[in-house]
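Following: one structure in structure tokens, then a few remarks.
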Amino acid sequence: GAAARQAGYLRVAEYWVEAFGDRGVRSLLFDSVAGFLAERCAAHLEALAACEASLAISAQRQLKSGKADERLTIVPDWAWGGLGQAAESGGQDARTDLAIFAALQDLAEARSARPFGLRVYDAPEGLDARGQELFGAWLADEARRTAGAIFLITHNPALAAAVEADEQWRVENVYEN
């Protein structure tokens with residue numbers, strides 16, 4: 001019955017943990033989607049960074065000792081400066097994060113039985129004027145590509161103005177004592 005099935009599942013899980021270790025399983029799973037994520041990140045970053053950046057995505061990093069460590073690394077490379085997170089400006093960081101987040105949404109939708117009808121972007125702050133302009137154009141393209149609704153939450157009036165929207169709602173918190 002159910003106990004025998006559970007014991008069988010447990011033996012299979014123990015085999016995989018022993019065969020690959022928990023990190024090996026994570027790397028195996030990541031490797032199965034790395035190409036898709038890299039392609040989608042590149043497509044999103046192309047629009048968000050006006051072809052001025054690329055991302056290198058890996059499930060492993062090289063240690064100084066020459067050995068490999070299983071760790072997800074995402075390294076942006078900007079054509080006009082800023083190689084790696086530490087050297088990026090806030091606007092570069094924001095656009096990189098948006099590209100990664102959008103690619104993860106694409107992955108979730110690709111693995112889902114049904115398409116998602118909604119994309120949510122919560123407070124993509126830190127974009128300079130050029131970044132806001134690119135974000136607005138990218139968001140309009142995303143709305144057409146996904147044929148769904150996009151919900152943008154922002155506290156930045158300039159960012160809201162850069163986005164073409166069918167509807168905009170303003171929500172204010174009013175505290176009364």
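The values are calculated or read from the model by the stated rules, or taken from the named source; none is laboratory data. Since this is a predicted model, take the numbers as computed values, not measurements. For neighbour counting, all protein chains shown are included, and Cβ atoms are generated from backbone atoms with ideal geometry for every residue, glycine included. The protein model used for the area step is the full one, side chains on, heavy atoms only, and it has no ligands, DNA or RNA in it. Shrake-Rupley method; radii C 1.70, N 1.55, O 1.52, S 1.80 Å.
A few remarks follow.
- Spin-label pair Arg145/Arg170, simplified geometry with 7 Å Cα→Cβ offset, distance in nm: 3.2 nm
- Between 0 and 90°, nearest 10: helix 90-110 axis offset from the chain longest Cα axis: 60 degrees
- Protection-proxy order for peptides 104-116, 140-152, each taking the mean of Cβ atoms within 10 Å per residue, highest first: 140-152, 104-116
- Taking the C-alpha atoms only, the angle from helix 129-146 to the longest principal axis of the chain is near 60 degrees.
- Beta bridges per DSSP with both ends in the chain, % antiparallel, nearest 5: 65 percent
- In this calculation the C-beta distance from Arg114 to Leu72 is compared with R0 = 25 Å, giving a FRET efficiency of 0.35.
- Added length on full extension, which subtracts the Cα-Cα distance from 0.36 nm per residue, Ser65 to Leu28: 11.0 nm
- One entry in [x] 45, 44, 31; [y] 55, 43, 32; [z] 58, 48, 42 is Cα extents along the principal axes in Å calculated from the shown coordinates; its label is [z].
- On full extension, the segment bounded by Ser54 and Gln6 gains 12.8 nm, given 0.36 nm per residue less the C-alpha separation.
- Sequence ranges 38-47, 4-13, 68-77, 160-169, ranked by mean other-Cβ count within 10 angstrom, highest first: 38-47, 68-77, 160-169, 4-13
- Degrees, to the nearest 10: 2-48 long Cα axis against longest axis of the chain: 30 degrees
- Helical content alone sets the calculated 222 nm signal of the chain at -18000 deg cm²/dmol, taking -39,500 (n - 2.57) per DSSP H segment of four or more residues and averaging over every residue.
- Using the 1.4 Å probe convention, the accessible area of the chain works out to 67 Å² per residue with neighbouring protein chains retained.
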